[in-house]
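Please read the structure below before turning to the comments.
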Amino acid sequence: QVQLVESGGGLVQAGGSLRLSCAASKSISSIMSLGWHRQAPGKQRELVAAISSGGSTNYADSVKGRFTISRDNAKNTVYLQMNSLKPEDTAVYYCAADSRALRYWGLGTQVTVSS
């Protein structure tokens, strides 16, 4: 079992930046995929970005060129650097880890972008 704790959310003006962190309770080097998802009020949860154990990344079209996902296996942490934030990026952001056919979720961190 993996426990995930997100941090770094907050209130930012449009055009600003935030960096989210997700600390895992155990080594992430063997975890197949780590990802960030988000859920805005009244909307379904959606994948924002993911990174494989080999470092391959994929992004939602809406964040390409603005967000960057990275992982530090030594710190058991995955990051989401978010630049040029827009009001439509406002959501609760969740970290997820896929390991041995199971998906683990963090409790989420709120990101609010004001116009």
**Q.** For the chain: relative contact order, % (alpha-carbon pairs under 8 angstrom, 6 or more apart)
**A.** 37
Q: Please state the charge dipole magnitude for the chain, taken about the Cα centre, from unit charges on C-beta atoms (+1 on K and R, -1 on D and E), reported in debye and rounded to the nearest 20.
A: 140
Q: Report the label-to-label distance for residue 60 and residue 5 in nanometres (one decimal), using points 7 Å from each Cα along the Cα→Cβ vector.
A: 2.6
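Can you give me the % of accessible surface on the chain that is carbon or sulfur? Probe 1.4 Å, all protein chains present, nothing else counted.
48
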Q. Mind listing the phi-derived Karplus ³J(HN,Hα) values for segment 8-15, rounded to whole Hz, using 6.51, -1.76 and 1.60 with θ = phi - 60°, and x for any glycine or proline?
A. x, x, x, 9, 9, 7, 4, x
Q | Over segment 27-105: Kirkwood hydrodynamic radius from C-alpha pairwise inverse distances, Å | A | 13.0
**Q.** segment 1-73: equivalent-ellipsoid semi-axes (sqrt of 5 x gyration tensor eigenvalues, Cα, Å)
**A.** 22, 15, 13
Q: Calculate, for segment 5-102, the solvent-accessible area per residue in square angstrom, rolling a 1.4 angstrom probe over the heavy atoms of the protein chains.
A: 51
Q) Where Lys and Arg each count +1 and Asp and Glu each count -1, what net charge lies around residue 111 among other residues with Cβ under 12 Å from its Cβ? A) 0
Q: Determine how large the accessible area of residue 90 is when every protein chain is in place; take a 1.4 Å probe and give Å² rounded to the nearest 10.
A: 40
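The values are calculated or read from the model by the stated rules, or taken from the named source; none is laboratory data. Quantities reported herein were computed from a predicted structural model and do not represent experimental measurements. When we count neighbours, we look across all protein chains shown, and the Cβ atoms used for this are built from the backbone with ideal geometry, even at glycine. Calculation scope for accessible area: heavy atoms of the full protein, side chains included, ligands and nucleic acids excluded. Shrake-Rupley method; radii C 1.70, N 1.55, O 1.52, S 1.80 Å.
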